[in-house]
Ligand SMILES: Cc1ncc(COP(=O)(O)O)c(C=O)c1O
């Protein structure tokens with residue numbers, strides 16, 4: 001059954017199936033773990049929003065705080081570190097989520113916009129509270145990639161969550177001769193990328209990818225008294241089909257299934 005006004009499997013199984021297939025293809029293409037959860041959004045900004053909402057919920061849950069029920073008033077403080085050259089959409093998402101732009105710790109970058117991993121290490125060395133680090137794969141003007149491996153290690157040493165803005169750069173993973181640029185990106189906890197950039201899909205389509213599927217679902221599942229009690233998960237419209245239908249056919253048009261097959265069988269060749 002097809003219908004664009006759906007929010008879950010029962011109202012439109014066809015969309016749910018298309019979403020599952022498109023998600024699987026994306027994860028294969030980016031060589032990210034198959035257990036990651038994928039949301040289809042209006043673009044990079046909303047993908048940041050979704051991923052950072054998952055991060056916020058999970059980091060606070062680990063500190064005994066339910067942000068969905070109790071909000072941010074009185075919550076443990078989360079230290080947020082971002083490269084000073086991060087894309088504006090990251091700051092928008094942080095503002096939407098109540099992190100406050102002024103409270104964010106900005107980390108110096110080199111002239112191409114790469115985050116200085118030593119400065120990050122120094123900034124987080126004394127952090128004992130929940131930690132969120134946002135790195136970048138593909139700076140908008142220079143294409144520079146942050147030193148992702150080092151950033152991931154220092155973030156995880158402090159039990160932090162690493163989100164990567166890969167609006168442009170995550171696609172390097174789809175190209176065997178360029179994949180080295182994004183080395184280490186697979187160590188992150190969540191990723192943003194866009195279909196309407198390198199994939200040239202029609203505006204608007206972004207992908208929010210979260211390693212901890214439960215954290216993603218907790219952040220984006222909604223409940224309402226008027227919804228039937230199917231026990232089915234109903235998702236927030238910021239994060240659902242039917243974009244996946246358009247994306248699935250875009251992938252097919254562009255031969256993404258073929259690309260995945262080639263990568264698997266011939267690697268760089
Ligand atoms: C690096 C980077 N991140 C995020 C975005 C935001 O993407 P969107 O316009 O899809 O919200 C852009 C857009 O140009 C970008 O270049």
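Every number in this text was worked out from the coordinates using simple rules, so none of it is lab data. Keep in mind the model is a prediction, meaning the values are calculated, not measured. For neighbour counting, all protein chains shown are included, and Cβ atoms are generated from backbone atoms with ideal geometry for every residue, glycine included.
Remark: spin-label model distance residue 156-residue 222 equals 3.5 nm, labels positioned 7 Å along the Cα→Cβ axis. Shape class of region 22-104 from the Cα gyration tensor (axes a ≥ b ≥ c, square roots of the eigenvalues): oblate, since a/c reaches 1.5 or more and a/b does not exceed b/c.
Take 35-45, 14-24 and order them by the average number of nearby Cβ atoms within 10 Å per residue, most first; the result is 35-45, 14-24. Measuring r between the beta carbons of residue 10 and residue 101 and using R0 = 45 Å, the FRET efficiency lands at 0.70. Using C-alpha pairs under 8 Å with a sequence gap of at least 6, the mean separation divided by the residue count of region 1-97 gives a relative contact order of 21 percent.
Once the C-beta distance of residue 142 and residue 73 is scaled by a Förster radius of 41 Å, the resulting FRET efficiency is 0.55 to the nearest 0.05. Region 79-148 and region 24-76 have Cα centres spaced 17 Å apart. One chain, two ends: residue 129 and residue 183. Fully extended at 0.36 nm per residue, the span grows by 16.6 nm beyond their Cα-Cα distance. For region 124-236, the square roots of the Cα gyration tensor eigenvalues, ordered a ≥ b ≥ c, give a/c of at least 1.5 with a/b no greater than b/c, which places it in the oblate category.
With an a/c value of 1.5 or above and a/b not larger than b/c for the gyration tensor axes a ≥ b ≥ c computed over the alpha-carbon atoms, region 36-222 is described as oblate. Among 66-76, 188-198, the peptide with the highest mean count of other Cβ atoms within 10 Å heads the list, and the full ranking is 188-198, 66-76.
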